[in-house]
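Structure below; questions to follow.
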Amino acid sequence: MAGNIDILRELEKKVLWLASWTIHHANHLRENSDGLKVGGHQASSASLATIMAALYFDVLRPADRVAVKPHASPIFHAIQYLFGHQTRARLEAFRGYKGAQSYPSRSKDADDVDFSTGSVGLGVAQTLFSSLVQDYVRAHGWGLARPEGRMVALIGDAELDEGNIFEAILEGWKQGLRNCWWIVDYNRQSLDAVVREGLWQRFETLFRDFGWQVVILKYGTLLQAAFREPGGERLRAWIDNCPNQLYSALVFGGGAAWRKRLDEDFASDNALHELTAKRDDDELARLMTNLAGHDLPTLLEAFHAATSDRPTCFICYTIKGYSLPFAGHKDNHAGLMTPAQMEVFQKSMGVRPGHEWDKFEGLALPAERLQKFLDGVPFAQDAVRRLKAPVIAVPEDLPVPKQAVTSTQTGFGAILNDLGRGDDDFTRRVITTSPDVTVSTNLGGWVNRRGLFAREAMADIFKRERIPSTFNWEFSPQGQHIELGIAEMNLFILLSALGLSHTINGERLLPIGTLYDPFIARGLDALNYACYQDARFILVATPSGITLAGEGGAHQSIAEPLIGLAQDGLAAFEPAFVDELAAVLRWAFAYIQKDGDAAPSEQNWLRDETGGSVYLRLSTRPIEQIARAMTAELRQQIVDGAYWLRQPGPNAQVVVAYTGAVAPEAIAAVGLMAEDRRDVGLLAVTSADRLNAGWTAAQRARERGLVHARSHIERLLAQVPPHCGLVTVLDGHPATLAWLGAVNGHRTRGLGVEHFGQTGSITELYRHYGIDANAIVAAAQAIAPGRPIRHLKALP
Ligand SMILES: Cc1ncc(C[n+]2csc(CCOP(=O)(O)OP(=O)(O)O)c2C)c(N)n1
Ligand SMILES: [Mg+2]
């Protein structure tokens, strides 16, 4: 390490140059067709150049995984370019179409991003949960041939304002976090402003309280040496007491500004005067800005000294825009060097015009030596960072509970409970997790069988004391349920980490997370984040809608079906019957294992080859089940999103399409209408999302010339006569299904819930919100007038 410090210094310089140039090129040189500012963050990137050079070129090992501060993406891409893992073409297209991404992206970048970042705070927590997942995998005896990796987050200091980070720290403490490094880029600037004084002290006590080791890296080697000179201790005290704003302003002001200020403040201090006087302005500026975060020897020493597996937070003092003309300026977040400033900077870097992308241009060491060094860098030794894990075989059928009247939530619990009896590879790979709603989402039976996970065993004292309880909460390294605190953000980030285990750890897990449907909104950005990284999991959301009746408006979900419809990477289902649930769940275990890299075939509208995650919206409402055999055809239709529960005839005036818990109302309404109308149809929609996706894809395919492309819903509705009216109904926002009318141009009335709910019985609430059988019949009457319905008044 020490022997290579000259090389590391050159590479640090090169990384700063390439990142700055990449952004400059995108903004000033590349053709700009739409007049928008392209952007990119030269100042935020410069802030991390030294730290990232130290890490990537020296400290990191192949098994380590990193979440890079989103706006330091250009530094990451520059480093990968030097390793030969990023192309010049993509750097030239930075922030452009198919170019290097603005913020590191696992799914869109081509240079081995470990964790996506962008929405600040999420990547940070992802490292923590990835570390827990690594422990989980190893505790189960998998992946032991690979060395343990450290999960590293590079964090902006203002990023620590994000609450999800604190939620994660608390959870990490509970779960015995190890092998996690958080490196804070403490430049004391956010986007808008300079941060509050003394923030580092809050961080320090907070991290220590939760069992972390905290390493504060404030001064570089130049300053440390100066502090040993006469008057040096007073200089240290002055800097320690210097307000962040003043320090930043002086950084921006440069050598002369530092001298003026120090001369004023130390007018009668001869020793200190001497200390500053023997340095010219440039040297003085270099000294005063020699913070540890820009000092390779200090950083390397600290990183290499952290050998224990304790979670460690490094607070590294840095300067936003270090080495660039707007260093320290409070407005520099989106600042870009002007072409004139770039020219000066380019000269200072020794880069000849026309050689801007040359890897070793302007460096003081021979290219062969630099290349040889790069070839041997430990971090870059593994040719493959995206590991592959074999597909876990899924049973042909999942057991369907036999109750005549039951709810999908009860069915889910029963299916898992039954699965829990197994001892095959499939069962062992299933892992469940829940944010303090394990029991109330019906995972209790499964957990009783499979146990809770903890690295160290912990007995259930209630059991030992022989106090009867339905639940057996024993923790052990073999347990298969991770019990989380209530924070839903943590659930989604843990699912994100579990759902990437096959590529991060090379060991596949089959994660299921449960929560109440309305609280999806609490963790929505983290859910979106998990999907964006292509993590694979099954989300079971229950109870849902106003159907949970007595729980009232604060627990009722309205918009979630629309989230299911719109969220990319997440196939959403809302089965009504337990046999549908079993079919979907079985399919889901296979779907989450599909290879995300496979190219979707032109015939496959739903992109079933590429897979994704799955969201099941379930209900606590017991409903009468349909006694039927599950045929292959029915199963396929359930998975494709809909099937005819009652086929409409050629003279149908009305079709009712329903989703989920309102099935009894839809069935009752159709029964009533059938007394007066002929051929009424009843469409069971198990997945508005899959129907909609298939429909959109088929239309697009036809527009591209595949004239025979037909989606499932088009085939189903082709049997409905043109004049027929369509009434859609669900316990959720009516827009979820109302689009069905656009498929073949059927006149449609969408029933659902648009306003906050309240307490009441299901009957009262369904009537109040207009999703009961009466409302369905009335809606049908309005859009497809037929003979008046005699029974309307008689309905409950
Ligand atoms: C969730 C979220 N909110 C807001 C933003 C916009 N944003 C991007 S960077 C930033 C400030 C970052 O400051 P800091 O973390 O200190 O990084 P620095 O630029 O100082 O290195 C903000 C508010 C974002 N990316 N994500
Ligand atoms: Mg900052």
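Hand me the tally of lysine pairs in the stretch 175-333: alpha carbons under 22 angstrom apart, and the pair either on different chains or 8 or more positions apart.
5
Next question. Which aspartates and glutamates, on any chain, are close to Lys37 with Cα under 19 Å apart, when same-chain ones fewer than 8 places away are left out?
Leaving aside aspartates and glutamates fewer than 8 places away in the same chain, those within reach of Lys37 are Glu92, Asp192, Asp331.
Aspartates and glutamates near Lys402 by alpha-carbon distance under 17 Å, same-chain residues fewer than 8 away left out - which ones?
Reachable aspartates and glutamates: Asp418, Asp579, Glu580, Glu624.
Residue farthest toward the positive end of the dipole of the stretch 288-371, with Cβ of Lys/Arg at +1 and Asp/Glu at -1: which of Pro353, Ala340, Leu296?
The residue sitting most towards the positive pole is Ala340.
Then there's this: Cross-link list Lys13/Lys359; Lys69/Lys372; Lys13/Lys347; Lys14/Lys372: which exceed 21 angstrom alpha carbon to alpha carbon?
Lys69/Lys372
What trypsin sites (Lys or Arg not before Pro) in the stretch 49-129 are in a loop by DSSP, with at most 16 other Cβ atoms within 10 Å of the Cβ? Let's see the in-between values first.
Numbers: sites: Arg65, Arg88, Arg90, Arg95, Lys98, Arg106, Lys108; in loops: Arg95, Lys98, Arg106, Lys108.
Listed in order of number, the matching sites are Lys98, Lys108.
Then there's this: Can you give the percent of C-alpha pairs in the stretch 179-278 whose distance is more than 15 Å?
Distances greater than 15 Å cover 70 percent of the Cα pairs.
While we're on this one: Loop only by DSSP, 13 or fewer other Cβ within 10 Å of the Cβ. Give me the trypsin sites (Lys or Arg not before Pro) in the stretch 567-676 that pass, ordered by residue number.
Those that pass, being in a loop and sparsely packed, are Arg628.
Please give the direction-averaged projected area of the C-alpha convex hull for the stretch 689-732, in square nanometres with one decimal.
Its average projected convex-hull area is 3.9 nm².
While we're looking at this one, here's another question. So if I place +1 on the C-beta of Lys and Arg and -1 on the C-beta of Asp and Glu, and nothing else carries charge, what would the dipole magnitude of the stretch 38-162 be about its Cα centre? I want it in debye, nearest 20.
400
Any idea how far apart Ala277 and His708 come out in nm if each label point goes 7 Å out from Cα toward Cβ?
For Ala277 paired with His708, the spin-label model returns 9.3 nm.
Moving on to the next point. Taking the Cα centre of the chain as the origin, how large is its charge dipole in debye, to the nearest 20, when only Lys and Arg (+1) and Asp and Glu (-1) carry charge on their Cβ atoms?
1240
Follow-up question, since we're still on this one. Within the stretch 427-511, list the GluC sites (Glu not before Pro) lying in a DSSP loop whose Cβ has at most 10 other Cβ atoms in a 10 Å radius.
Glu456, Glu465
Helix 488-498 against the longest principal axis of the chain: what's the angle in degrees, Cα atoms only, rounded to the nearest 10?
So the helix axis and the longest Cα principal axis differ by about 80 degrees.
A further question follows. For Gln381 and Arg310, calculate 0.36 nm times their separation in residues minus their Cα-Cα distance, and state this gained length in nm to one decimal. Please list the in-between numbers first.
Values: separation 71, 0.36 × 71 = 25.56 nm, distance 2.54 nm.
Fully extending the segment from Gln381 to Arg310 adds 23.0 nm.
Can you report the principal axis dimensions of the stretch 685-796 using only the alpha carbons, biggest first, rounded to whole angstrom?
Reported extents, whole Å, longest axis first: 52, 35, 18.
Test of understanding: express the Cα radius of gyration of the chain as a ratio to 2.2 N^0.38 Å, with N the residue count. Don't skip to the answer; put the middle values down first.
On the way: Rg = 30.6 Å, N = 796, 2.2 N^0.38 = 27.8 Å.
For the chain, the normalised Cα radius of gyration comes out at 1.10.
If you take every DSSP beta bridge fully contained in the chain, what fraction is antiparallel? Give it as a percent rounded to 5.
Around 15 percent of the beta bridges assigned by DSSP in the chain are antiparallel ones.
Another question, if that's okay. Which residue, Ala566, Ala168, Leu60, has the largest displacement toward the positive end of the dipole of the chain when charges sit on each Cβ (Lys, Arg +1; Asp, Glu -1)?
Farthest along the dipole direction, towards plus: Ala566.
Now, a different point. Rounded to the nearest 0.05, what FRET efficiency do Asp358 and Arg61 give with R0 = 35 Å and r taken as the Cβ-Cβ distance? Could you check?
0.75
Read-outs: derived from the displayed coordinates by stated rules, not from any lab. Fair warning: this is a prediction, and the values are worked out from it, not measured in the lab. Positions of Cβ are backbone-derived with ideal geometry, glycine not excepted, and every protein chain shown enters the neighbour counts.
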